[in-house]
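This report refers to the structure that appears directly beneath it.
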Amino acid sequence: SKEKSGTYHHFFKSEMSDWSMESIYLENALYKALENDELSLHYQPQVDSKTNRIIGAEALLRWNHPTRGMVSPIEFIPVAEETGLIVPIGKWVLLNACKQLKKLHAQGNSNMSVSVNLSGRQFEEDDLIPMIESILVETGIAPEFLHIELTENQIFKNTHVTLEKMREIKALGIKIAVDDFGTGYSSLGYLKNFPIDTLKIDRSFMFDILTDKDNAAITSTIITLAQNLNLNVIAEGVETAEQLEFLMAKNCFNIQGYYYSKPLPVEALENYIDILTPK
Ligand code: C2E
Ligand code: CA
Ligand code: CA
Ligand code: CA
């Protein structure tokens, strides 16, 4: 999970010899992170490549540890899930992403959506739906601009409970996207019965898409599947013009990836929007 900037530290490879000690350290530090304002959200633009207009942004958690610097969500989300800390953290993410969306709409970007990742662990909470509802009321956003991202593996960990809550989320007017589509272990049949709006093509399939026949075939098939089922499709991890051309030739125009932008702090996101959408 080493970022190109090289600023991410690796908790599990530090001087502390014992993995479990490291894990206990991380758990305690994460408790304090929420209280001490060490968490923030970065937003990665999602762009319509036909018009070059921003259509939305995915909220991605960042943890700036006081001595260790930026810690990757790939390292701390699993700890947050195991300890249950993902519940208060996930609520904080949703509230702040909705507040940010409200602000973006007030700034005139009234068609932008914000995507928020929900953990399967949050679906085990009885008050998930009332929690989401109260955030919708508190922030006053139009629900159709809030997109919830769930991976297939999260959906199928506790299928009946999750499906019921997905239907309630959908009934609130919120959109649901399947994240990392194509990497789970589920059959495709669920796409018929589950309240899904969008498939996000996993970024692993973008690798060598011009020369890797398997990745090209999988990506094309997901796009066609989405089109035939009347679902939206977003390609993630698009880094090069060649990948973009491939996708556009298949009529996939919703793009998220370094080709357009890395995840950005709020002010940088607002500048990025102004550059794409001069007023
Ligand atoms: P994800 O939901 O699949 O998010 C997309 C990840 O791909 C992000 O990593 C993003 O920075 C990265 N990415 C996007 N475009 C490109 C590209 O063109 N090239 C490359 N190499 N990478 C790209 P990030 O921010 O490190 O997040 C990692 C994972 O952590 C997320 O994967 C998600 O599973 C989890 N995560 C992040 N924020 C949250 C959150 O608020 N709640 C929960 N439950 N999970 C989160
Ligand atoms: Ca995601
Ligand atoms: Ca993803
Ligand atoms: Ca602006």
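Each Lys and Arg contributes +1 and each Asp and Glu -1, all at the Cβ; summed about the Cα centre of region 94-191, the dipole is approximately 320 debye.
Placing unit charges on each Cβ (+1 for Lys and Arg, -1 for Asp and Glu) gives region 142-279 a dipole about its Cα centre, and among Thr211, Tyr185, Met248 the Cα reaching farthest toward its positive end belongs to Tyr185.
For the chain, the fraction of 1.4 Å probe accessible surface lying on carbon and sulfur atoms is 52 percent.
Say the cut-off is 22 Å between C-alpha atoms; which of Lys165/Lys192; Lys50/Lys213; Lys50/Lys200; Lys103/Lys200; Lys99/Lys192 go over it? Don't skip to the end; give the middle numbers.
Numbers: Lys165/Lys192 17 Å; Lys50/Lys213 25 Å; Lys50/Lys200 18 Å; Lys103/Lys200 26 Å; Lys99/Lys192 33 Å.
Over 22 Å apart, Cα to Cα: Lys50/Lys213; Lys103/Lys200; Lys99/Lys192.
Applied to region 133-142, the Karplus parametrisation 6.51 cos²θ - 1.76 cosθ + 1.60 on θ = phi - 60° returns per-residue 3J(HN,Hα) values of 4, 5, 6, 4, 5, 4, 8, x, 7, 6 Hz, with x for Gly and Pro.
Cα centroids of region 51-89 and region 208-247: 26 Å apart. Rounded to whole numbers, the Karplus 3J(HN,Hα) couplings from phi for region 268-275 are 5, 4, 5, 5, 4, 4, 5, 5 Hz, using 6.51 cos²θ - 1.76 cosθ + 1.60 with θ = phi - 60°, and x at Gly and Pro.
Entry comment: accessible area of the chain is 49 Å² per residue, from protein heavy atoms only and a probe of 1.4 Å.
For the chain, what is the percent of antiparallel DSSP beta bridges, rounded to the nearest 5?
Among the beta bridges of the chain, antiparallel pairing accounts for roughly 45 percent.
Coordinate range of the alpha-carbon atoms in the chain per principal axis, descending: 50, 45, 41 Å.
Once you have the Kirkwood Rh of region 209-262 from its Cα pairs, apply Stokes-Einstein at 20 °C and 1.002 mPa s and quote D in µm²/s. Mind showing how you got there, number by number?
Numbers: Rh = 11.3 Å.
After rounding, the answer is 190 µm²/s.
The values are calculated or read from the model by the stated rules, or taken from the named source; none is laboratory data. Here the structure is a predicted model, which means the values were calculated and not measured. Backbone-built Cβ (ideal geometry, glycine too); neighbour counts: all protein chains shown. Ligands, DNA and RNA are stripped out before the accessible areas are found, and what is left, the full protein with its side chains, is counted by its heavy atoms. Shrake-Rupley method; radii C 1.70, N 1.55, O 1.52, S 1.80 Å.
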